Amino acid sequence: MSLVLNAEEESLRDSVRRFVADRSPIPAIRKLIDSGQAYDGAVWQQLAGQLGLASLLIPEEYGGSGAGHSAMTVALTELGAGLVPSPLLASGVLAAGLLLRLGDEQASQDLLPGIASGELVATVALGGAGHPAVAAGGTATEPRLTGEVSPVLNGAEADVLLIGVHGGAVYRVDGDAAGLTREPLTSTDHTRALARIVLDDTPARPLAGDGPAALAAAADLANLALAAEQCGAMAACLAMTSEYARLRVAFGQPIGAFQAVKHRLADMETAWELARAALRAAATSADADPDRFSADASVARLLASGPYFTAAADTIQLHGGIGFTWEHDAHLYYKNALAGQVLLGTPGDQLDRLATTLGV
Amino acid sequence: MSRETVEEFRARARAWLAENAPRRAADGDDSEDAGATSGIAAQRAFQARLYDAGFVGITWPAEYGGQGLTNAEQIAFSEEARHFSLPVGAFIIGLGMPGPTILECGSEEQKKRYLPPMLRGEEIWCQLFSEPGAGSDVASLQASAVRDGDTWILNGQKVWTSGAQYSDFGAVLARTDPAQPKHGGISMFIVDMHAPGVTVRPLRVATGHAPFNEVFFDNVRLDSGALIGAENKGWDAAVVMLRNERIAIGSMTGSRNNPLGFEVLRELAVKLDRAGDPVVRRRLAELYARERAVALFARLLREEAMAGQPPGARGSVAKLAGAELGAFAVRVAMDVLGDAVAATSTDELAAVVVSMVAVPGGAIAGGTNEIQRNIIGERVLGLAKDPGVDRSTPFNQLRVGTQKKKQ
């Protein structure tokens with residue numbers, strides 16, 4: 001498979017880009033943030049229904065399009081560039097990926113068609129570095145879960161939660177289950193809804209399949225998807241800041257003529273090119289070379305997360321004072337980058353995980 | 001006869017390489033050192049066989065000795081050749097820089113005379129641009145070529161010339177009109193490296209080796225057919241050549257034999273019993289990630305070129321990323337080797353330390369990191385150019401290099 005986008009992927013990229021510009025520009029996202037909602041339901045319906053983004057990873061037999069990971073990363077890159085709040089990562093990537101890897105036929109039939117159409121939002125309680133503080137109890141016929149997981153993507157809004165417990169098994173808990181408390185957290189990144197999930201003898205259904213392997217696969221998918229969003233966001237920072245450096249004049253010339261500014265932007269461009277190449281490779285191995293996928297997804301995440309944070313910080317710095325105001329979009333990217341560095345594994349966790357994958 | 005497909009070409013290349021090419025460079029191969037010319041005869045012999053088998057000048061036109069094929073065949077061959085260590089180091093400069101430049105800017109006569117023997121390794125070429133006073137600012141060069149009838153007389157000093165000691169010809173930049181602004185008065189010539197008045201001296205660098213030369217021209221006569229392109233238009237040809245150089249350098253990283261590569265440092269960490277150190281583990285993982293990203297970016301550029309989108313100034317991204325990877329690898333090697341960096345007891349460790357010492361050169365050769373950042377900023381991102389106070393002043397009124405102010 002090629003690192004260069006094919007015609008279909010280019011056309012998907014263009015439609016998502018147009019959709020973001022028309023239906024979810026940043027001023028609309030700011031209104032949404034002020035309203036306290038996790039995401040815009042109408043936008044989500046169109047993302048899932050009209051553009052079919054929640055169905056990309058799901059095979060046709062479960063109501064999806066089976067387009068694959070490469071297409072999904074193309075879409076996520078554009079959503080990341082626009083900081084569009086949506087449960088796509090939680091539901092269409094992590095929950096769908098976890099279910100497909102588990103291969104529990106009944107659960108797949110029950111949940112995947114709804115996830116594919118966007119009518120059902122599911123999430124995965126992955127918790128920090130893969131150490132879920134949830135214990136399974138109850139009886140064989142009436143299993144119960146007790147414990148806490150935080151932070152969980154769209155944990156307060158999801159219709160269904162997929163939860164990994166001590167020992168690695170995965171359980172399904174419905175959003176309206178007894179003894180389930182979902183507490184929305186104050187998210188550093190205004191565009192990403194996170195919640196604490198508390199389970200107190202909560203009824204749950206165990207899912208068949210290899211839980212630890214499926215949870216590890218979900219962690220790889222999280223790396224791939226976050227890398228895609230971050231590549232898009234890095235491109236947005238680069239475009240915004242180079243445009244400003246071309247227009248803003250100081251000391252009689254555009255500030256981009258000063259090497260102190262120019263060289264920082266050149267570094268941002270270099271970081272973005274490397275991240276993009278790593279992302280494309282990870283997306284193609286997800287589809288065509290599964291043995292390479294875990295390492296490639298870690299590489300993509302490492303090349304995206306840290307450099308994106310640097311790019312977002314430099315975006316504020318190179319804009320100067322205007323870049324530090326609430327009205328300017330730079331702080332939205334900075335917070336997205338800050339939280340995105342540590343979400344579902346800190347950079348240190350990522351390096352440890354990659355070292356293990358590489359056999360170091 | 002139907003034309004060979006790319007996959008058939010690839011299969012033929014794979015079979016030929018398996019039969020004829022060594023997997024690794026021979027031990028004790030000192031052809032890197034400018035003082036040494038011992039490996040050259042063997043390199044010429046190998047290059048001739050490689051050429052006769054149809055794997056040199058793959059994309060060059062057939063009328064000048066090339067194979068007349070496409071980038072697809074070139075990429076297929078490069079991918080197959082990556083598993084081998086081909087003894088063709090002496091020809092990389094000629095085929096990578098002067099060759100393509102003669103193809104693009106040279107006369108019909110020059111192409112017919114020089115390109116076929118260059119391809120077959122019968123004549124070796126070097127490139128003579130940098131001077132002691134003109135490095136990053138190559139256009140401020142002071143070597144001069146003065147017209148004498150329909151010939152020129154060349155004087156001056158060049159530096160950082162790879163392969164000058166065994167080269168037959170060089171592509172040299174010299175000033176032909178000092179009354180014009182600096183970019184406007186430069187011409188590019190073919191110089192016979194065996195001509196009277198050419199002196200080559202090895203240049204010893206920080207590692208203690210001498211992989212480059214200084215070259216002195218003392219009243220060297222250039223014949224009437226020596227000019228590449230038009231008189232005083234040498235800068236345009238130089239830009240073409242420098243761009244080819246950056247892409248070549250940027251894609252040279254990440255080889256399995258690289259003493260600062262992930263594979264070698266991981267093996268060393270195990271041998272030195274440091275692989276379990278949590279800091280070393282993380283450093284090695286990060287090295288792997290960065291090394292892979294640089295290799296993937298080079299692949300992306302190749303695939304884009306194949307799809308009809310040439311890399312242009314983004315070759316500078318590859319060059320910069322490669323140099324930064326080297327600087328990072330030095331820090332990883334420090335963590336892996338520990339105090340063995342201060343004093344080495346085995347050849348294997350010494351090779352790593354020599355590479356650590358060599359790394360700063362990579363951030364300078366082929367255009368410094370700072371020059372690459374200027375190029376990326378100006379030609380990729382469209383930022384304003386430096387004011388360039390010297391752009392419109394006649395060269396003979398400028399202060400260049402470390403010259404004292406003119407009176």
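The values are calculated or read from the model by the stated rules, or taken from the named source; none is laboratory data. This is a predicted model, so every value here is computed, not measured. We place every Cβ from the backbone using ideal geometry, glycine too, and count neighbours over all the protein chains shown.
Could you check the stretch B:71-101 and list, in sequence order, the residues that are under 20 Å from residue B:304 (Cα atoms) and either free of Cβ contacts under 8 Å to residues at least 24 places away in the same chain or not β-branched (Val, Ile, Thr) (or both)?
Answer for the stretch B:71-101, where residues must be under 20 Å from residue B:304 (Cα atoms) and either free of Cβ contacts under 8 Å to residues at least 24 places away in the same chain or not β-branched (Val, Ile, Thr) (or both): B:71, B:72, B:73, B:74, B:76, B:77, B:78, B:79, B:80, B:82, B:96, B:100.
Restricting attention to the stretch A:250-273, which residues are small (Gly, Ala, Ser), more than 7 Å from chain B (Cβ to nearest Cβ) and within 18 Å of residue B:369 (Cβ to Cβ)?
A:260, A:271, listed by residue number.
Hey, can you tell me all the residues within the stretch B:300-334 that are under 16 Å from residue B:374 (Cα atoms), more than 9 Å from chain A (Cβ to nearest Cβ) and at pLDDT below 95?
Matches in the stretch B:300-334: B:312, B:313, B:315, B:319.
List, please: which pairs have Cβ atoms under 6 Å, are six or more places apart or on different chains, and start with a residue in the stretch A:315-336 that is more than 24 Å from residue A:86 (Cα to Cα) and touching a residue at least 24 places away in the same chain (Cβ under 8 Å) and end with one that is among the small types (Gly, Ala, Ser) and part of a loop (DSSP other than H, G, I, E, B)?
Once the first residue is more than 24 Å from residue A:86 (Cα to Cα) and touching a residue at least 24 places away in the same chain (Cβ under 8 Å) and sits in the stretch A:315-336, no partner that is among the small types (Gly, Ala, Ser) and part of a loop (DSSP other than H, G, I, E, B) comes close enough.
Among B:44, B:3, which is out of contact with any helix residue (DSSP H, G or I) (no Cβ under 7 Å at 6 or more places or on another chain) and either at pLDDT below 90 or β-branched (Val, Ile, Thr) (or both)?
B:3
Against the definition (of a type in the set (A, V, I, L, M), within 14 Å of chain A (Cβ to nearest Cβ), under 23 Å from the mean Cα position of the chain (by Cα) and farther than 20 Å from residue B:269 by Cα), how does residue B:364 come out, yes or no?
Here the answer is no, as residue B:364 does not meet what is asked.
Over 20 Å from the mean Cα position of the chain (by Cα), more than 9 Å from every other protein chain (Cβ to nearest Cβ) and at pLDDT 95 or above: does that describe residue A:310?
no
Can you tell me which residue is farthest from residue B:71 (Cα to Cα) among those in the stretch B:266-281 that are at the interface with chain A (Cβ under 7 Å from one of its Cβ atoms) and crowded, with 21+ Cβ neighbours inside 10 Å?
Among them, the one singled out is B:281.
Among B:67, B:74, B:110, which is at pLDDT below 95 and not assigned by TED's automatic domain parsing to the domain that holds residue B:298?
B:74
Select from the stretch A:341-360 the residues that are farther than 16 Å from residue B:279 by Cα and in contact with a Lys or Arg (Cβ under 8 Å, 6 or more places away or on another chain) and write down the one among them that is nearest to the other protein chains (Cβ to nearest Cβ).
The qualifying residue nearest to the other protein chains (Cβ to nearest Cβ) is A:345.
What are the residue pairs meeting all of these: first residue in the stretch A:32-50, first residue closer than 14 Å to residue A:192 by Cα, second residue at pLDDT 95 or above and assigned to a helix (DSSP H, G or I), Cβ atoms under 7 Å, and 6 or more apart or on different chains?
Sorted first by the residue in the stretch A:32-50, then by its partner, the pairs are A:40/A:32.
For the stretch B:124-182, how many residues are of a type in the set (Gly, Ala, Ser) and within 17 Å of residue B:92 (Cα to Cα)?
6
Any idea which of (1) part of a helix (DSSP H, G or I); (2) more than 9 Å from chain A (Cβ to nearest Cβ); (3) surrounded by fewer than 19 Cβ atoms within 10 Å (Cβ to Cβ) is the one residue B:337 doesn't satisfy?
(3)
Looking at residue A:240 and the list (1) more than 9 Å from chain B (Cβ to nearest Cβ); (2) aliphatic (A, V, I, L, M); (3) crowded, with 24+ Cβ neighbours inside 10 Å, which single condition is not satisfied?
It is condition (3) that residue A:240 fails.
Of the conditions (1) in contact with a Leu (Cβ under 7 Å, 6 or more places away or on another chain); (2) in a helix (DSSP H, G or I), residue A:208 clears all except one; give me its number.
(2)
If you check A:337, A:295, which single one turns out to be more than 10 Å from chain B (Cβ to nearest Cβ) and surrounded by 16 or more Cβ atoms within 10 Å (Cβ to Cβ)?
A:337
Looking at (1) of a type in the set (S, T, N, Q); (2) in a loop (DSSP other than H, G, I, E, B); (3) over 21 Å from the mean Cα position of the chain (by Cα), which is the one condition that is false for residue B:136?
(3)
Report, ordered by the first and then the second residue, all pairs with beta carbons closer than 6 Å, sequence separation of six or more or different chains, a first member in the stretch B:135-150 that is at pLDDT 95 or above and surrounded by 20 or more Cβ atoms within 10 Å (Cβ to Cβ), and a second member that is not in a strand (DSSP E or B) and not charged (D, E, K, R).
Close Cβ pairs (under 6 Å, with a partner that is not in a strand (DSSP E or B) and not charged (D, E, K, R)) amount to B:145/B:176.
Residues to consider are A:276, A:246; find the one that is within 17 Å of the chain's Cα centre (by Cα) and either more than 9 Å from every other protein chain (Cβ to nearest Cβ) or of a type in the set (Lys, Arg) (or both).
That would be A:276, the only listed residue that is within 17 Å of the chain's Cα centre (by Cα) and either more than 9 Å from every other protein chain (Cβ to nearest Cβ) or of a type in the set (Lys, Arg) (or both).
Are any of the residues in the stretch A:18-37 β-branched (Val, Ile, Thr), within 27 Å of residue A:293 (Cβ to Cβ) and surrounded by 15 or more Cβ atoms within 10 Å (Cβ to Cβ)?
No, that holds for no residue.
Does the stretch B:209-218 contain at least one residue that is outside any strand (DSSP E or B), touching a Ser or Thr at 6+ places or on another chain (Cβ under 9 Å) and either of a type in the set (Asp, Glu) or buried (at least 22 other Cβ atoms within 10 Å of the Cβ) (or both)?
Checked against the condition, which is being outside any strand (DSSP E or B), touching a Ser or Thr at 6+ places or on another chain (Cβ under 9 Å) and either of a type in the set (Asp, Glu) or buried (at least 22 other Cβ atoms within 10 Å of the Cβ) (or both), the stretch B:209-218 yields no hits at all.
In the set B:338, B:276, B:326, which member is small (Gly, Ala, Ser) and within 20 Å of the chain's Cα centre (by Cα)?
B:326
Test residue B:390 against the stated conditions and say whether it is farther than 19 Å from residue A:264 by Cβ and among the charged types (D, E, K, R).
Judged against the criteria, residue B:390 is a match.
Scan the strands (runs of 3 or more DSSP E) fully inside the stretch A:61-170 and keep the ones with 3 or more residues being under 22 Å from the mean Cα position of the chain (by Cα).
Qualifying strands (runs of 3 or more DSSP E): A:122-125, A:143-153, A:160-164.
Among (1) outside the structural domain of residue B:280 (by TED's automatic domain parsing); (2) over 30 Å from residue A:285 (Cβ atoms), which single condition is residue B:380 missing?
Status for residue B:380: all satisfied but (2).
Would you confirm, using the coordinates I've provided, whether residue A:220 is crowded, with 21+ Cβ neighbours inside 10 Å, under 18 Å from residue A:75 (Cα atoms) and away from every other protein chain (no Cβ under 14 Å)?
Considered against the rule, which asks whether it is crowded, with 21+ Cβ neighbours inside 10 Å, under 18 Å from residue A:75 (Cα atoms) and away from every other protein chain (no Cβ under 14 Å), residue A:220 comes out as yes.
Looking at A:41, A:49 in this structure, which one is at pLDDT below 95, out of contact with any strand residue (DSSP E or B) (no Cβ under 9 Å at 6 or more places or on another chain) and away from chain B (no Cβ under 14 Å)?
A:49
Considering only residues that are surrounded by 15 or more Cβ atoms within 10 Å (Cβ to Cβ) and over 21 Å from residue B:241 (Cα atoms), which ones fall in the stretch B:361-384?
Once the filter is applied, which keeps residues that are surrounded by 15 or more Cβ atoms within 10 Å (Cβ to Cβ) and over 21 Å from residue B:241 (Cα atoms), the stretch B:361-384 yields B:381, B:383, B:384.
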